[in-house]
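Chemist: This structure is in structure tokens; I'll ask about it shortly.
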Amino acid sequence: MSRLRWLLPAALTLGWLIIGGVAGPYAGKLAEVQINDRAAFLADEAESTRVAAALSEVQDDESLSAIVVIEYERELTDADLAEVEALARQLGGMDGVTESPAPPTPSEDGRAVQLAVPVDGSSDVAEIVAHIRDAAQGTGQQVFVTGPAGFAADLSDAFGNIDGLLLVVALSAVLVILLIVYRSPLLPIMVLSSAVLALAAASAIVYTLADRDVLTLNGQSQGIMFILVVGAATDYALLLVSRFREALREHRSGYRAMTLAVRRALPAILASGGTVILGVLCLLASSLNSNRSLGPVAAIGISLAVAASLTFLPAVLALLGRAAFWPFAPRHGEPHSGQAGIWGRIARLVGSRPRLVWIATAGALAAFAVFVPRLDTEGVSQSDLFLSEVESVQGQRALAAHFPAGAGSPAFIVAPADRAEAAATVVANDPGVAQVTPFGGDDSTRNQAVSIAMLSEPADSAAAVETIQRLRSDLDSVSPDALVGGETAVLLDTQEGSSRDLVVIIPLVLLVVFIVLVILLRSVLAPVLLVAANVLSFAATLGAAALVFEFLFGFDRVEPAVPLYGFVFLIALGIDYSIFLMTRVREEAGQLGTRPGILRGLTVTGGVITSAGIVLAATFAALVVIPLSFLVQIAFIVAVGVLVDTLVVRSLLVPALSYDLGDRIWWPTRSRQPTAIPESARRDGREQRVA
């Protein structure tokens, strides 16, 4: 038995280190299997996806258009055009360019020329665009590469910091917090090692599945997985370490203390991890591939975080024993903390004025929730997606200054060949269309004709989206088989898919969380109240975000998926802190009675849960290092929401409401009857924990 006490932990530790050594490099290779094209985010049945499929059959490739825009400070000359034609011939022979570009198109003002270069969308678009940019330099005063391929390349570059800067910032923030919390140089390293090993294993699995086309990975999914794994693994570690510290006061043996700690922490960690996993898997019900792909990617990450927290971390801490806490190691026989400190004072406040506390906190949250309608979720343009200056956005502005605003990202009209002329007439008569031209060939297999519509407004503008909506409606009268695609149509389909997802996924997440809580707490009323409190917290966070985005950050609109992601993460992650609290309350209530158990549970979990909330908020805040408005918005909403859940909902609202209800909180199960505890102790909650 004594040999087992070090052999099993040593084997688990060694096993995880081997996994980390083998899987570690895959975290840096995930960019190789990313797909960041917006069109790939849509479902196969989306209209713009069906148009893209029809175009690929006509073109016989998966090309994206890279638009080279060359500006001059003077009138174009024949020599300038000859130089651009030479560039076109040079680009036509470049690797990754699917065919020779069409002849260059001068602008009407004679001060710019554009060149459309078809790029192989199945290759490394960012690398191809980089070569085009290098080759085009020196042909004019200002040269930009934009269009769908240019935007895809800049998006890929923005995500390039995910496996470097993002991870360093997140881990550094967690390390600082853990050093403050534990005042130990060794324990934070063990906790971070657990998170890093979990991330390595998750990266290897995700890479393998994405490489085999089992799931789709994009930059935002990878970034969120990194943050989730680091944050969740650290949260679970904080809970386990807290229980281990308690158990070391009760047992001399580090192995026995860890066995007890795992047994006590296991229900909360499994319930927490299970809630997050099931919550993110609800994204599989999404109509968008980007959301559907995030579900399994995040679930894999959380599963490995739970596994590492319940195997590697207990093993290494069992081997270290009290030395893990050096120089402030807990001593055997040392009394458990009582009602002293800030959490003791908060518990006494909750116990003395429970109704006032929960009404006041609920009212404050509701006051912020009033501002939710100010959050405009119509989606942001591609130009506004980047928070730093990128060449594709500069090129789009140059295009708009010299060419029709929709140049570079036209709409594609696919219609039955026998209705092609009628469809072209409808499109040409639309006020939002500047020009209509045939694509250059028919799809004889499907008997379809393709036309190109140049929009009069920028392709990523609200006016262009309205034009696509109008065209689709008007073309229905020509033929129900007429389709409208292109970059603007992708934006419209994304908005419509996101709106549908809000209606479908939010109730599904709430149902899943509620069922998990019912099973865990063996109660109906407590889960109802916990879910309602977290929904109110989410609404308050969204209202606060609406004000901050509008008046401080200058975000006029947010992506439609932002509220959905915020909801999934805050409900699934935010409920964790209520789970940590209420599982401890139920444990304590069985010995002390419900009301003293609530105060005791709040006191002993206050520090660890607050630390966990700060860690998770800090890790999500690290997303701001990626200069994309979508990720900054997600970072703000989740970080602020987690702090609200930690400091307001779990600390005041839930315990005060539970205390006010007393034994009724466990309805319909029987009241939690205390063991033999003095009446005076049950009244004021000052009892010490009964081992």
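Chemist: Are any residues in region 85-124 of a type outside the set (Gly, Ala, Ser) and part of a loop (DSSP other than H, G, I, E, B), and if so, which ones?
Modeler: First, the residues of region 85-124 that are of a type outside the set (Gly, Ala, Ser): 85, 87, 89-91, 94-95, 97-99, 101, 103-106, 108-109, 111, 113-115, 117-120, 124.
Once the filter is applied, which keeps residues that are of a type outside the set (Gly, Ala, Ser) and part of a loop (DSSP other than H, G, I, E, B), region 85-124 yields Met94, Asp95, Thr98, Glu99, Pro101, Pro103, Pro104, Glu108, Asp109, Arg111, Asp124.
Chemist: Any idea which of (1) surrounded by 20 or more Cβ atoms within 10 Å (Cβ to Cβ); (2) within 30 Å of Arg331 (Cα to Cα); (3) aliphatic (A, V, I, L, M) is the one Leu217 doesn't satisfy?
Modeler: (2)
Chemist: Scan region 286-298 residue by residue and report those that are open to solvent by 10 Å² or more (accessible area, probe 1.4 Å) and modelled with pLDDT of 90 or more.
Modeler: Pro296
Chemist: Sort out which residues of region 284-322 are closer than 23 Å to Asp501 by Cβ, among the aliphatic types (A, V, I, L, M) and in a helix (DSSP H, G or I), and write them in order of number.
Modeler: Within region 284-322, Leu284, Ala285, Leu294, Val297, Ala298, Ala299, Ile300, Ile302 qualify.
Chemist: Scanning for something more than 20 Å from Leu385 (Cβ to Cβ), modelled with pLDDT under 85, touching an Asp or Glu at 6+ places or on another chain (Cβ under 9 Å) and of a type outside the set (Ser, Thr, Tyr), does region 139-156 turn up at least one residue?
Modeler: Looking through region 139-156, at least one residue is more than 20 Å from Leu385 (Cβ to Cβ), modelled with pLDDT under 85, touching an Asp or Glu at 6+ places or on another chain (Cβ under 9 Å) and of a type outside the set (Ser, Thr, Tyr).
Chemist: Ok, one more. For a quick check of your reading of the model, give me the residue pairs whose first member lies in region 131-160 and is in contact (Cβ under 8 Å) with a residue 60 or more places away in the chain and among the basic types (Lys, Arg), whose second is open to solvent by 10 Å² or more (accessible area, probe 1.4 Å) and part of a helix (DSSP H, G or I), with beta-carbon atoms closer than 9 Å and at least 6 apart or on different chains.
Modeler: Within 9 Å, the pairs are Arg133/Glu391.
Chemist: For region 470-514, which residues satisfy the criterion of being without any contact (Cβ under 8 Å) to a residue 12 or more places away in the chain and within 23 Å of Ser383 (Cα to Cα)?
Modeler: Glu496
Chemist: Can you name the condition, by its number, that Val174 falls short on among (1) in a helix (DSSP H, G or I); (2) open to solvent by 10 Å² or more (accessible area, probe 1.4 Å); (3) over 30 Å from Gly486 (Cβ atoms)?
Modeler: If we test Val174 against (1) in a helix (DSSP H, G or I); (2) open to solvent by 10 Å² or more (accessible area, probe 1.4 Å); (3) over 30 Å from Gly486 (Cβ atoms), just (2) comes out false.
Chemist: Return only the number of the condition from (1) on the phi < 0 side of the Ramachandran plot; (2) open to solvent by 20 Å² or more (accessible area, probe 1.4 Å); (3) touching a residue at least 40 places away in the same chain (Cβ under 8 Å) that Arg522 does not satisfy.
Modeler: (1)
Chemist: Applying the selection to region 82-109, what residues are touching a Lys or Arg at 6+ places or on another chain (Cβ under 9 Å) and either among the aliphatic types (A, V, I, L, M) or open to solvent by less than 70 Å² (accessible area, probe 1.4 Å) (or both)?
Modeler: Looking only at region 82-109, we keep the residues that are touching a Lys or Arg at 6+ places or on another chain (Cβ under 9 Å), and these are 100-101.
Result: Pro101, single match.
Chemist: Under the condition of being open to solvent by less than 70 Å² (accessible area, probe 1.4 Å), closer than 17 Å to Gly590 by Cβ and among the charged types (D, E, K, R), which residue from region 642-681 is modelled with the lowest pLDDT?
Modeler: Step by step, filter region 642-681, then rank; the result is Arg672.
Chemist: I'd like to verify a number: residues in region 469-500 that are buried (at least 23 other Cβ atoms within 10 Å of the Cβ), hydroxyl-bearing (Ser, Thr, Tyr) and under 18 Å from Ala428 (Cβ atoms), how many?
Modeler: Qualifying residue count for the region: 1.
Chemist: Failed condition for Ser388, given (1) buried (at least 19 other Cβ atoms within 10 Å of the Cβ); (2) part of a loop (DSSP other than H, G, I, E, B); (3) small (Gly, Ala, Ser), with all others met?
Modeler: Going through (1) buried (at least 19 other Cβ atoms within 10 Å of the Cβ); (2) part of a loop (DSSP other than H, G, I, E, B); (3) small (Gly, Ala, Ser) one by one, Ser388 breaks only (1).
Chemist: A follow-up question, please. Could you list, in sequence order, all residues of region 589-613 that are open to solvent by less than 10 Å² (accessible area, probe 1.4 Å), among the small types (Gly, Ala, Ser) and part of a helix (DSSP H, G or I)?
Modeler: Across region 589-613, the qualifying residues are Ala589, Gly597, Gly601, Gly606, Ala612, Gly613.
Chemist: Name the one entry in Gly231, Gly223 that is crowded, with 24+ Cβ neighbours inside 10 Å, in contact with a helix residue (DSSP H, G or I) (Cβ under 6 Å, 6 or more places away or on another chain) and more than 28 Å from Leu320 (Cα to Cα). Break it down into steps so the answer makes sense when it comes.
Modeler: Details: Gly231 fails: more than 28 Å from Leu320 (Cα to Cα).
Being crowded, with 24+ Cβ neighbours inside 10 Å, in contact with a helix residue (DSSP H, G or I) (Cβ under 6 Å, 6 or more places away or on another chain) and more than 28 Å from Leu320 (Cα to Cα) holds for just one of Gly231, Gly223, which is Gly223.
Chemist: Moving to a separate point now. Could you please find all residues in region 81-112 being of a type outside the set (A, V, I, L, M), closer than 18 Å to Ile132 by Cα and touching a strand residue (DSSP E or B) at 6+ places or on another chain (Cβ under 8 Å)? Walk me through how you get there before you give the answer.
Modeler: Let us first name the residues in region 81-112 that are of a type outside the set (A, V, I, L, M), namely 83, 85, 89-90, 92-93, 95-96, 98-101, 103-111.
Retained after the next criterion (residues that are closer than 18 Å to Ile132 by Cα): 83, 85, 89-90, 92-93, 95-96, 98-101, 103-105.
Scanning region 81-112 gives Gly96, Thr98, Glu99, Pro101, Pro104, Thr105.
Chemist: Read through the list (1) within 21 Å of Leu661 (Cβ to Cβ); (2) at pLDDT below 85, then give the number of the only condition that Gly593 fails.
Modeler: Unmet condition: (2).
Matching residues to (1) modelled with pLDDT under 90; (2) among the basic types (Lys, Arg); (3) surrounded by 19 or more Cβ atoms within 10 Å (Cβ to Cβ); (4) not in a helix (DSSP H, G or I):
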| site | (1), (2), (3), (4) |
| --- | --- |
| Ile180 | yes, no, no, no |
| Val191 | no, no, yes, no |
| Ala201 | no, no, yes, no |
| Tyr207 | no, no, yes, no |
| Arg256 | yes, yes, no, no |
| Arg263 | no, yes, no, no |
| Ala271 | yes, no, yes, no |
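Chemist: Let me ask you something else. Tell me which of these Leu399 doesn't satisfy, since it passes every other one: (1) on the phi > 0 side of the Ramachandran plot; (2) assigned to a helix (DSSP H, G or I).
Modeler: Here Leu399 clears every test but (1).
The values are calculated or read from the model by the stated rules, or taken from the named source; none is laboratory data. Here the structure is a predicted model, which means the values were calculated and not measured. Please note: Cβ atoms are built from the backbone with ideal geometry, for glycine as well, and neighbour counts cover all protein chains shown. What goes into the accessible areas is simple: the full protein's heavy atoms, side chains included, and nothing from ligands, DNA or RNA. Shrake-Rupley method; radii C 1.70, N 1.55, O 1.52, S 1.80 Å.
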